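Student: Have a look at the structure that comes next, please.
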Amino acid sequence: MTRFSQALREGGLLIVIAAALGFIYTAATEKGMFARGTRAAHGSRTDMAAPAMISRTEAQALFDSSKALFIDARHDFDYKLGHIKGAINVPLKDFDTAKSALNSVPKNRLIVSYCDGAECNSSIELSVKLMKEGYTNVRIFFGGWREWRDAGLPVESTP
């Protein structure tokens, strides 16, 4: 019975340590339940609405009307192989340096962020970063490049 008791104590201790590390990580990255409170303490906007997801049909209508700027969140290599016609590339991994491409874009301009498709979250993360930079009209085309290309919609590649 002593081995069992010792194993229970060690297991309980591991659970407590894992929970503590989880709370510390969540607080440090301002995610989860710490997101609003931590941002509010630093004076950031807490009333910021999450970017809306749009369908391929909605993305196509915005493209056809020329009302939106499409931003590709994928790596430069993938962007050069093919992207939505007229889209600019602001790779999520290089956001701090690549965001200079947006210097002339008004903060209220309608922006549609996309990446590879449903298995890629870069468009979501990029949209959040754009909103933190002050862009107020951001949408996410979660179907992304693959859905656009597969529908036979206008694409281009960059040499």
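A short reminder: the numbers here are calculations on the coordinates, not readings from a lab. Just so it is clear, the structure is predicted and the values come from calculations on it, not from any experiment. Here the Cβ is made from the backbone with ideal geometry for all residues, glycine too, and neighbour counts use every protein chain on show.
Student: Any lysines with Cα under 19 Å of the Lys129 Cα? List them, leaving off those in the same chain fewer than 8 positions away.
Tutor: Partners found: Lys31, Lys93, Lys99, Lys107.
Student: Hey, another quick one. Modelled label-to-label distance, Ala52 and Val155, 7 Å Cα→beta-carbon offset: nm?
Tutor: 2.8
Student: How much length would be gained if the chain were fully extended between Thr136 and Glu119, taking 0.36 nm per residue of separation minus their Cα-Cα distance, in nm to one decimal?
Tutor: 3.6 nm
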